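Structure first, then comments.
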Amino acid sequence: SFQEIIDSIESLSIEDQDYLFDLIRKRRIDNRREEIARNGEETLKALSSGKAKQGTAEEIKAYLLEDEEE
């Protein structure tokens, strides 16, 4: 359970806790970077295939509102 994980972490030395927290933080950063890169690749593919529109926020808003009116 989650409480067991907390208890296990608390049983570690302060140095080991710091190392664990730093390791988790770095892995979360790496995972987020990978997610951002995947999203970027998907966006570029959508743009190149014509499945996505490009423009200013106002242009995209107007485009979306046009679709609602149809």
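Can you tell me which residue within the stretch 7-29, out of those that are assigned to a helix (DSSP H, G or I) and among the aliphatic types (A, V, I, L, M), is surrounded by the fewest Cβ atoms within 10 Å (Cβ to Cβ)? Ranking the qualifying residues of the stretch 7-29, first place goes to Ile14.
Within the stretch 30-66, being open to solvent by 70 Å² or more (accessible area, probe 1.4 Å) and assigned to a loop (DSSP other than H, G, I, E, B) holds for Lys51, Lys53, Gln54, Thr56. No other residue among Ile36, Ile29 is under 30 Å from Asp7 (Cα atoms) and either touching a residue at least 12 places away in the same chain (Cβ under 8 Å) or of a type in the set (A, V, I, L, M) (or both) apart from Ile29.
The values are calculated or read from the model by the stated rules, or taken from the named source; none is laboratory data. Here the structure is a predicted model, which means the values were calculated and not measured. Virtual Cβ from ideal backbone geometry, glycine too; neighbours counted across all protein chains shown. Surface areas here come from the heavy atoms of the whole protein model, side chains and all, with no ligands, DNA or RNA. Shrake-Rupley method; radii C 1.70, N 1.55, O 1.52, S 1.80 Å.
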